[in-house]
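Below is one structure, written out as structure tokens; the observations come after it.
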Amino acid sequence: MTKTIGILVGSLREGSYNKLVAQKFAELLPDGYEAKFIDFSDLPFYNEDLEVEGKVPESWTRFRQELQSVDGIYFFTPEYNRSVPGALKNALDVGSRPYGQSSWDGKPALIVSVSPGAISGFGANHHLRQSLVFLNMPTLQQPEAYIGNIANLLDANGEILTSTVDFFQLITTKYIEFFEKLKG
Ligand code: FNR
């Protein structure tokens, strides 16, 4: 049966480098796997007062159902002020509730941080990793996926350089091995 990898892109902007990288990773999934991009741009900020019958935002319910429908999760995150963007943190929080019914639980994860800067989103990558520990998401440890200086990894047409795609392929292969050990 086909396995589905949910893809969350931490940047909401149209021309996002993270989105570009996520699209390439989606293409690299092997036979038997498919990608499903999961949008979280419409989620109201998490507020426990809304977690009662009749008040739960429709978008929270839709988002939770989409998470539940996938087998693994890829996160692509920019770094905002040495951490993850607020929209992505809000998505983590919305998906983690109602209490005891987290939609993230047990799903094998990959974290890729992408930045035009030299530090490669390290801070965001590790802050996200910290949340995934609590959310009980086993997360690929090696190879670490810090994609820095992203603007220099594109050719004149804006396509990702082959040598970089080769690195993405290595990460994909390692993630699929990891996923299959856990879920195969
Ligand atoms: C940034 N940026 C940034 N970059 C970085 O490497 N470390 C950082 O801490 C920050 N902080 C930061 C804060 C805010 C509010 C913004 C808007 C931006 C720059 C960031 O890496 C750059 O805008 C990327 O292009 C964002 O990723 P996308 O949108 O291209 O995927």
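Could you work out the relative contact order of the chain? I mean the mean sequence separation of Cα pairs under 8 Å and 6+ apart, divided by the number of residues, in percent.
22 percent
Going Cα to Cα from residue 181, which aspartates and glutamates come in below 19 Å? Please leave out same-chain ones fewer than 8 positions away.
Here the aspartates and glutamates satisfying the reach criterion relative to residue 181 are 31, 34, 71, 105, 144.
Mind sorting 94, 52, 84, 165 by how few other Cβ atoms lie within 10 Å of their own Cβ, fewest first?
If I rank by nearby Cβ atoms, fewest first, I get 52, 165, 94, 84.
Based on Cβ point charges of +1 for Lys and Arg and -1 for Asp and Glu, what charge dipole magnitude is obtained for the chain about its Cα centre, in debye rounded to the nearest 20?
Dipole size: approximately 300 debye.
Quick one: how many lysine pairs in the stretch 1-108 have C-alpha atoms under 24 angstrom apart, if they're 8 or more apart or on different chains?
Final tally of qualifying lysine pairs is 14.
With all distinct Cα pairs included, what does the Kirkwood hydrodynamic radius of the chain come out to in Å, to one decimal, could you say?
About 16.8 Å, per the Kirkwood formula over Cα pairs.
Rule-based calculations on the coordinates, nothing more; no lab input. Being a predicted model, the structure only gives us computed values, none of them experimental. Cβ atoms come from the backbone with ideal geometry, glycine included; neighbour counts cover every protein chain shown.
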